[in-house]
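Engineer: A single structure is presented below for examination.
The values are calculated or read from the model by the stated rules, or taken from the named source; none is laboratory data. None of these values were measured; they are calculated from a predicted model. When we count neighbours, we look across all protein chains shown, and the Cβ atoms used for this are built from the backbone with ideal geometry, even at glycine.
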Amino acid sequence: MKDMLWSELRRFHRLALLIAGMHLLILSFLYRMSDLLQMNYLDCMPFLGAYLLVGLALAIAQVGSYRHPSRWLWLVHRPLSTDRIFLALAGSAMMLLLIVVVLPIAVVVAGVDLFTERVVDTRHYLLLLHVFGITLLAWLAGAHAVVSRYKAAVAVLAAPLLLGLHLISVWWLLLPMLLTIAWLGWVSMKSFRANRGAPIQGSITLLLTALPLQLGFFLLVFELGQFLFVTGSILAGTDPLNTEFPPRNGLTELERAEPREVLRLGLEHSTDRRAPVWRDELLLLEPVRIGANLQRFPLRHQLSNLNVQTQWLDGQRNVLWTFSHDRMQFLGRHLQTGAAQGIWGAGGVGDDRPFAEVPVVGENGLLMTRHTLYVIDDETQTQHRLIELPQGESFIGMPRWALDRLLVLSNQRLRVYRSDRLAASAFSPPLLDWSVDLPAGPDNFKGFALAELMDGWLLSAAYGDGFRQIGLTQFNEIKMPSQKLIFVDGSGRATTVGERLIFRDYPVLYQSDWWFSPPLHWLVGWPEGTLDKGLAWPLQQRVLAGAPLLYPVAALLLLLSFASAWWWLRQTGASLTRRYLWLISCGLLGVPALLSLICLEPRQTYRND
Amino acid sequence: MQLSHHDRARVGFVNEEHSLPAWLRVEEIVAMQRRLYPKWDDARYRSIVSHFNVLPEQRIEQLSRGERAGVNLAMAIAQGPELLILDEPTLGLDVVAKRAFLEAVLFSMDDRWCTLLYCSHQMEEIERLADNVIVLERGELKLMASPEALCERVILWVAEFPFVPPPIDDLPGVLQVQRIDGLFHYLVLDQGESFAERLVARGARRHYCGSVSLDRAVSAMLSSHHASPDNAGTRP
């Protein structure tokens, strides 16, 4: 086994060293262009994709070279168990991936840590482990796919990524990562057998192989279906996002409209007697919009930064303050000299008290955590608490100054504050002017458009479709998009003055994947609901979709899958127990289970001897 | 049935492609095999590989196909197998390499208690090597016998029919019929002198019989189920 491991290492060592060198050069170059360690997760995605491809490519080159029957025979025909042969290949692949992927990153991280004053936390070092885990998962999926009967078996990669790739604490992430590596490792190890075309032996191994494949098919087939639908719509010229004028009274029209237009559209359907006056008044006003754009808050030791600012520049002193997750304080660095400029704790410069949560840096010197909003005083280099939300409330949008007010959106209401003109300090807490409840909670909420009228405020609250923007999960509560027009009078009393349903523009089957396989839909959302991801409004797991329209479609697909599975199994040599397992699986999980059956259960007759 | 890794240690295997890791040197791959097989016989390896012009420090990718075949064979035999399977090992080898390979096989198998399963379509190789010939067709065992016995069982009968030849169903054991220069050549399995009487009874003016080579005997057995031009409507 050791011989084989070294043999495989020798096979790729030159190429591995070459790629590692190139990788290091690229990282060093990019380090000069930007602060690699403070990149947000969206900027990290190309790197992640590249590392996944490296893992897959190595599996295809290494294990794929043994796919030919005579080479496969040479590989497995030796006095070693196939498990040990697999472990030898996996061991060499791990060492190669360490050289190619992990070592250059480690050099850059350690170099930044040792030779600069930039912030390097424990999470950056642990990131190395996770990057290694991700590339190893790709290798395992690739190795499994190339020795399987169908290349589509690479879909098993979807499940481990779904479980093991989350923007949570790098410490907590170790658990799902190790579990998924063990899971996929087992599946790949058991796919190494002399007769690769034979069905998988053992019910446990079959279940462990089938489930990730089913999850993969669930996600990939639905995504492919959506892609084909959108492509077809674009070709036909009917895609709402691809037309110069979106469909009338549709969601796209509302989302594209300027705030004034949003209010005007709402007023068109208002029966309030003041509506014509407001419509005229609107022409003279500059309405603004505030949206539910803060879907999650940063967590301590998070795998990668969110798409929010966690550093700010003190332009006067030329100091960049970057948040350190280890110290829970900002660390200053002079941009010209690169010298350390001290710490910024919970009370400002030099205060050693750590922040309780990782703060988000907003516009105009605002600093916020889940419940508290601060403002930074550049002169005194301190921070002042502006707003503390009540228990149970948290921000779901970045507060902004507009219309001479501070607009704050929480998961329960829109709060509008005005400056306390009598206060001695310019950084004293503002006074609550008025507030309005979110008409139907934060789920599917798009945002408010508001304008200050002569006699009060006019607001439009918009709700969208069932899309959820986090990860691969979607809401299963499909609602018709709607718009509600609210008038807030001078005393802060809110009344509804108009309401309308909006066309959703896309068919409901396009908006939710629940109907494709209800149990797998639940399973895909399970990590989202279970792991602490700092979500502004956590996903509520529901077994049944909120749209009864989807029920018959889901039932029909389950029935079709069951019937197709029965037909397929007739021409296989599967045992009775195995047939029952498949039939139950297809009857419960639907089309993805049927596809996994086709992949895993050869149709020709075989003997189980 | 799946072989355990203990079983696999008892079986040597050489295939037609002589798949060996191209990136390794001969000495490295030999060292690998030596550590892997407890019954490894270094002297035997050296004696077999000496039939080929192979240097230990050469990389596998630098070897010719014949040299690779030699290394492969030497390693398979040196591991001390109880069963050695050679699957079309000389396919694609030039005449010299093929000869060297067969000599190495003959030389190495002389004094060993080892069953050799030699799969080949090259009948001259089989004739040189085989104690027993197994004819498989479509996964079915058609025949097992020594080459001499097989040749004795298949007889060539040549007959001249002045008028219409007899229907093939009237002649038992016919594997193949060919009409050459007006004479009917019957390759017949397991038929004695009584076949001559049948030929005479069916109107043969004259007839005689002869022996066939192993190549022709096996070919007749296999071609009895294969498509071929229907000579004079006499195909069995």
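Engineer: What helices (runs of 4 or more DSSP H), lying completely within the range A:185-283, carry at least 2 residues that are at pLDDT 90 or above and surrounded by 14 or more Cβ atoms within 10 Å (Cβ to Cβ)?
Structural biologist: Helices (runs of 4 or more DSSP H) meeting the threshold: A:203-236, A:259-268, A:275-282.
Engineer: Looking at A:G216 and the list (1) small (G, A, S); (2) within 14 Å of chain B (Cβ to nearest Cβ); (3) under 21 Å from the mean Cα position of the chain (by Cα), which single condition is not satisfied?
Structural biologist: (2)
Engineer: Moving on. Could you grab the pairs with beta carbons closer than 9 Å, sequence gap of 6+ or different chains, first residue in the range B:1-28 and more than 7 Å from chain A (Cβ to nearest Cβ) and on the phi > 0 side of the Ramachandran plot, second one of a type in the set (K, R) and buried (at least 17 other Cβ atoms within 10 Å of the Cβ)?
Structural biologist: Close Cβ pairs satisfying both conditions: B:H18/B:R68.
Engineer: Report every pair of residues separated by at least 6 positions or lying on different chains whose Cβ atoms are under 8 Å apart, first residue within the range A:349-360 and under 14 Å from A:Q311 (Cα atoms), second of a type in the set (K, R) and assigned to a loop (DSSP other than H, G, I, E, B).
Structural biologist: Listed by first residue and then by second, the contacts come to A:V358/A:R300.
Engineer: When A:R370 is evaluated against the numbered criteria (1) closer than 30 Å to A:K484 by Cβ; (2) in a strand (DSSP E or B); (3) basic (K, R), which criterion, by number, is the only one it fails?
Structural biologist: (2)
Engineer: I'd like the residue in the range A:6-39 that is touching a Ser or Thr at 6+ places or on another chain (Cβ under 7 Å) and within 14 Å of chain B (Cβ to nearest Cβ) and, out of all such residues, is surrounded by the most Cβ atoms within 10 Å (Cβ to Cβ).
Structural biologist: Among those that are touching a Ser or Thr at 6+ places or on another chain (Cβ under 7 Å) and within 14 Å of chain B (Cβ to nearest Cβ), it is A:E8.
Engineer: While we're on this one: Under the condition of being outside any helix (DSSP H, G or I) and more than 17 Å from A:H521 (Cα to Cα), which residue from the range A:538-593 is modelled with the highest pLDDT?
Structural biologist: Per the stated criteria, the residue is A:S575.
Engineer: Report yes if some residue within the range A:319-340 is loosely packed, with under 15 Cβ neighbours inside 10 Å and touching a helix residue (DSSP H, G or I) at 6+ places or on another chain (Cβ under 7 Å); otherwise report no.
Structural biologist: No, the conditions are met nowhere in the range A:319-340.
Engineer: Inside the range A:63-91, can you point out the residues that are more than 10 Å from chain B (Cβ to nearest Cβ) and aliphatic (A, V, I, L, M)? Steps first, answer last, please.
Structural biologist: Taking the range A:63-91 and keeping what is more than 10 Å from chain B (Cβ to nearest Cβ), we get A:63-64, A:67, A:86-91.
Of everything in the range A:63-91, those that are more than 10 Å from chain B (Cβ to nearest Cβ) and aliphatic (A, V, I, L, M) turn out to be A:V63, A:L87, A:A88, A:L89, A:A90.
Engineer: If you don't mind, another one. Name the residues in the range A:159-176 that are free of Cβ contacts under 8 Å to residues at least 60 places away in the same chain, over 16 Å from the mean Cα position of the chain (by Cα) and surrounded by 15 or more Cβ atoms within 10 Å (Cβ to Cβ), would you?
Structural biologist: A:L174, the sole residue that qualifies.
Engineer: Anything in the range A:529-556 that is without any contact (Cβ under 8 Å) to a residue 60 or more places away in the chain and crowded, with 18+ Cβ neighbours inside 10 Å? List them, or say none.
Structural biologist: The one that is without any contact (Cβ under 8 Å) to a residue 60 or more places away in the chain and crowded, with 18+ Cβ neighbours inside 10 Å: A:A554.
Engineer: If B:Q33 satisfies every condition in (1) within 9 Å of chain A (Cβ to nearest Cβ); (2) out of contact with any Cys (no Cβ under 9 Å at 6 or more places or on another chain); (3) surrounded by fewer than 20 Cβ atoms within 10 Å (Cβ to Cβ); (4) within 17 Å of B:E125 (Cβ to Cβ) but one, which is the exception?
Structural biologist: Evaluating B:Q33 over (1) within 9 Å of chain A (Cβ to nearest Cβ); (2) out of contact with any Cys (no Cβ under 9 Å at 6 or more places or on another chain); (3) surrounded by fewer than 20 Cβ atoms within 10 Å (Cβ to Cβ); (4) within 17 Å of B:E125 (Cβ to Cβ) leaves (4) as the failure.
Engineer: When the residues of the range A:379-428 are filtered to those that are surrounded by fewer than 20 Cβ atoms within 10 Å (Cβ to Cβ) and of a type in the set (V, I, T), which remaining residue is farthest from the chain's Cα centre (by Cα)?
Structural biologist: A:T380
Engineer: Another question about this same structure. Considering each of A:G49, A:G111, A:G55 in turn, give the residue that is more than 14 Å from every other protein chain (Cβ to nearest Cβ), touching a residue at least 40 places away in the same chain (Cβ under 8 Å) and out of contact with any Lys or Arg (no Cβ under 6 Å at 6 or more places or on another chain).
Structural biologist: After applying the criteria, what remains is A:G55.
Engineer: Please state which one of A:L263, A:L254 is among the hydrophobic types (A, V, I, L, M, F, W, C) and out of contact with any Pro (no Cβ under 6 Å at 6 or more places or on another chain).
Structural biologist: Selected residue: A:L254, the only one of A:L263, A:L254 that is among the hydrophobic types (A, V, I, L, M, F, W, C) and out of contact with any Pro (no Cβ under 6 Å at 6 or more places or on another chain).
Engineer: If you take the residues in the range A:495-516 that are among the acidic types (D, E) and modelled with pLDDT under 85, which one is surrounded by the fewest Cβ atoms within 10 Å (Cβ to Cβ)?
Structural biologist: Here the answer is A:D505.
Engineer: Quick check, is B:A69 out of contact with any strand residue (DSSP E or B) (no Cβ under 6 Å at 6 or more places or on another chain), surrounded by fewer than 21 Cβ atoms within 10 Å (Cβ to Cβ) and either at pLDDT below 85 or in a helix (DSSP H, G or I) (or both)? I'd like the intermediate steps shown before the answer.
Structural biologist: On the way: out of contact with any strand residue (DSSP E or B) (no Cβ under 6 Å at 6 or more places or on another chain): yes; surrounded by fewer than 21 Cβ atoms within 10 Å (Cβ to Cβ): no; either at pLDDT below 85 or in a helix (DSSP H, G or I) (or both): yes.
For B:A69, the condition - out of contact with any strand residue (DSSP E or B) (no Cβ under 6 Å at 6 or more places or on another chain), surrounded by fewer than 21 Cβ atoms within 10 Å (Cβ to Cβ) and either at pLDDT below 85 or in a helix (DSSP H, G or I) (or both) - is not met.
Engineer: Which one of these is part of a strand (DSSP E or B), surrounded by 19 or more Cβ atoms within 10 Å (Cβ to Cβ) and touching a Phe, Trp or Tyr at 6+ places or on another chain (Cβ under 7 Å): A:V358, A:V375?
Structural biologist: A:V375
Engineer: Inspect all residues belonging to the range B:48-66 and state whether any of them is under 21 Å from B:C119 (Cβ atoms), part of a helix (DSSP H, G or I) and within 14 Å of another protein chain (Cβ to nearest Cβ).
Structural biologist: yes
Engineer: From the residues in the range B:56-77 that are among the aliphatic types (A, V, I, L, M) and closer than 16 Å to B:A97 by Cα, which one is farthest from the chain's Cα centre (by Cα)?
Structural biologist: Restricting attention to the range B:56-77, the residues satisfying the condition of being among the aliphatic types (A, V, I, L, M) are B:60, B:63, B:69, B:71, B:73-77.
This time we only want the ones that are closer than 16 Å to B:A97 by Cα, so: B:63, B:69, B:71, B:73-74.
Values: B:L63: 26, B:A69: 17, B:V71: 21, B:L73: 17, B:A74: 20 Å.
Out of the qualifying residues, it is B:L63.
Engineer: Ok, one more. Could you list all residues from the range A:417-434 that are part of a strand (DSSP E or B), touching a residue at least 40 places away in the same chain (Cβ under 8 Å) and not charged (D, E, K, R)? Before the answer, list the steps.
Structural biologist: If we filter the range A:417-434 for residues that are part of a strand (DSSP E or B), which is where we start, we get A:417-418, A:431-434.
Now drop any that are not touching a residue at least 40 places away in the same chain (Cβ under 8 Å), which leaves A:433-434.
Passing the criteria: only A:W434.
Engineer: Could you please find all residues in the range A:435-465 being in a strand (DSSP E or B) and on the phi > 0 side of the Ramachandran plot?
Structural biologist: Listed by number, the residues that qualify are A:G447, A:G456.
Engineer: May I ask you to say which residue of B:L102, B:L73, B:L83 is closer than 21 Å to B:S120 by Cβ, among the hydrophobic types (A, V, I, L, M, F, W, C) and within 13 Å of chain A (Cβ to nearest Cβ)?
Structural biologist: B:L83
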